[in-house]
Amino acid sequence: YRREEVIGKTIPELFLPPEWIPIVQKRFADPYAPEVRAPHENPWRTKSGEERLIEWRCTVFPSPVDGSPHILGTGIDISERKLAEERLRLQSAALEAAANAIIITDHEGMIVWANPAFTALTGYSHTEVVGRNPRELVKSGEQNQLFYKDLWDTILAGKVWRGQIINRRKDGSVYTEEMTITPLRNEQGKISRFIAIKQDITERKRAEQALLDS
């Protein structure tokens, strides 16, 4: 809207979706009520009909003319921030619920996050793995140093590493997993995280071996 289009009009008739009009009217029935001054969010309809989400902060002060309450409202459009937060929530929920074991490490390989599938696979609790390096937890000794050198040379070069590896659970039993490690870059383009997705293929390997032996 242009400035001259809004002067003399009410907020509900210009900006509020119909279902929000009674909610806002109730909130502002008493201008000096605490909920008026508390930060709040509500949908905001633009002239074109687009709906945005606005975070409001209001200051109530008496008119210097007659002492009637006046409200100074400052609004910030938080629509994009809310969408980004929702995307993060969905991504987090997807990682948490994934059937495959997933860990995220820092640039040095220290675990900063692990999903429930990883703790179920390895036998370690979430608190036992965060802040630890995977080699302290699951290294079995079945792979030689050249194997790990190739892995680290690949991911530090910004490339995706894929392969099979034999690891060890907390109880000492070993298992074979297919693993994909993907480097993640920060806003400056530098590698800051690695995400590893792991699938236990122990039973598949046993079945393949049984076929070979038969």
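The values are calculated or read from the model by the stated rules, or taken from the named source; none is laboratory data. All values reported here derive from a predicted model rather than from experimental measurement. Virtual Cβ from ideal backbone geometry, glycine too; neighbours counted across all protein chains shown. The accessibility values were calculated without ligands, DNA or RNA, using every heavy atom of the protein model including side chains. Shrake-Rupley method; radii C 1.70, N 1.55, O 1.52, S 1.80 Å.
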Taking only the range 34-67 into account, find how many residues are at pLDDT 90 or above, assigned to a loop (DSSP other than H, G, I, E, B) and polar (S, T, N, Q). 2
Subset of the range 1-11 (residues that are out of contact with any helix residue (DSSP H, G or I) (no Cβ under 9 Å at 6 or more places or on another chain) and part of a helix (DSSP H, G or I)): ARG3, GLU4
Could you please find all residues in the range 12-33 being in a helix (DSSP H, G or I) and open to solvent by 40 Å² or more (accessible area, probe 1.4 Å)? GLU13, PRO18, GLU19, TRP20, ILE21, PRO22, ILE23, GLN25, LYS26, ARG27
Per the list (1) touching a strand residue (DSSP E or B) at 6+ places or on another chain (Cβ under 8 Å); (2) not in a strand (DSSP E or B), residue check on LYS198 breaks on (2)
Has the range 73-82 got any residue that is of a type outside the set (Phe, Trp, Tyr), open to solvent by 40 Å² or more (accessible area, probe 1.4 Å) and in contact (Cβ under 8 Å) with a residue 40 or more places away in the chain? no
Which residue is nearest to the chain's Cα centre (by Cα), if the candidates are limited to the range 147-180 and must be within 20 Å of PRO116 (Cβ to Cβ) and without any contact (Cβ under 8 Å) to a residue 40 or more places away in the chain? THR180
ASN144 vs (1) closer than 25 Å to ALA93 by Cα; (2) among the polar types (S, T, N, Q); (3) free of Cβ contacts under 8 Å to residues at least 12 places away in the same chain: all pass except (1)
The range 158-210 - residue that is of a type in the set (Lys, Arg) and under 15 Å from LYS139 (Cβ atoms) and, of those, least open to solvent (accessible area, probe 1.4 Å): LYS198
Within the range 121-157, which residues are aliphatic (A, V, I, L, M) and either on the phi > 0 side of the Ramachandran plot or open to solvent by less than 30 Å² (accessible area, probe 1.4 Å) (or both)? LEU121, VAL129, LEU137, VAL138, LEU151, ILE155
Against the conditions (1) open to solvent by 60 Å² or more (accessible area, probe 1.4 Å); (2) under 30 Å from SER192 (Cα atoms), where does HIS70 fall short? Just the number, please. (2)
